[in-house]
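Below: the structure, in structure tokens.
Derivation of every value follows stated rules applied to the coordinates shown; laboratory data play no part. All values reported here derive from a predicted model rather than from experimental measurement. Virtual Cβ from ideal backbone geometry, glycine too; neighbours counted across all protein chains shown.
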Ligand SMILES: Cc1cc2nc3c(=O)[nH]c(=O)nc-3n(C[C@H](O)[C@H](O)[C@H](O)COP(=O)(O)O)c2cc1C
């Protein structure tokens, strides 16, 4: 299995509806290909983790880099893996919210920190750590049988 993580910059005017449609399209395609993943959107940038069968992930990634909805694509991680961090997610989209919009509960629950509020581009390769932290959040919520909390903490698409 192959895991890729990249950041990119959204095209101007890309809004919530566009993000919703993109997540819908991506998860539908991915379901048929056995690809799992997470797509983060902070209002300006994307960060995506794609994982699954090597050939399928490579061919979808080739399409993604040509997609006019974003630019400045920076591949941060390309690694072989036995375990899928985002198993059964196809492609979950999460919109990160400004700190002020978070409830006390959600702040306490998440592992979010200042890195969410800086351009991901400025974090270099370290940006990929955020994806691994989200994978931990997912694993913890699953273990606790609390997946419903996800939508309290994030805008889930
Ligand atoms: C940020 C971003 C993430 C994307 N993620 C995926 C994805 O995970 N899977 C996918 O099939 N397409 C994804 N796409 C869309 C592809 O670029 C492309 O439009 C799509 O695969 C074409 O689908 P089609 O062959 O069904 O027309 C993404 C596009 C962008 C801009």
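Points worth noting:
- Taking other C-beta atoms within 10 Å as the exposure proxy, 96, 7 rank 96, 7 from fewest upward.
- By the helix-only formula, in which each DSSP H run with n ≥ 4 contributes -39500 (n - 2.57) and the sum is divided by residues, the chain has a 222 nm mean residue ellipticity of -11000 deg cm²/dmol.
- Panel order for 65, 137, by other beta carbons found within 10 Å of each beta carbon, from fewest to most: 65, 137.
- Over segment 4-56, volume per residue of the alpha carbon convex hull, in Å³: 71 Å³
- Put the Cα centre of segment 1-19 next to the Cα centre of segment 20-60 and the gap is 9 Å.
- Each of 3, 118 was scored by other Cβ atoms within 10 Å of its Cβ. Arranged with the fewest first, they read 118, 3.
- Selected from 94, 76, 141 as most flexible by GNM, with the chain as the system and alpha-carbon contacts under 10 Å: 141
- Counting every alpha-carbon pair across the chain, the share separated by more than 25 Å comes to 24%.
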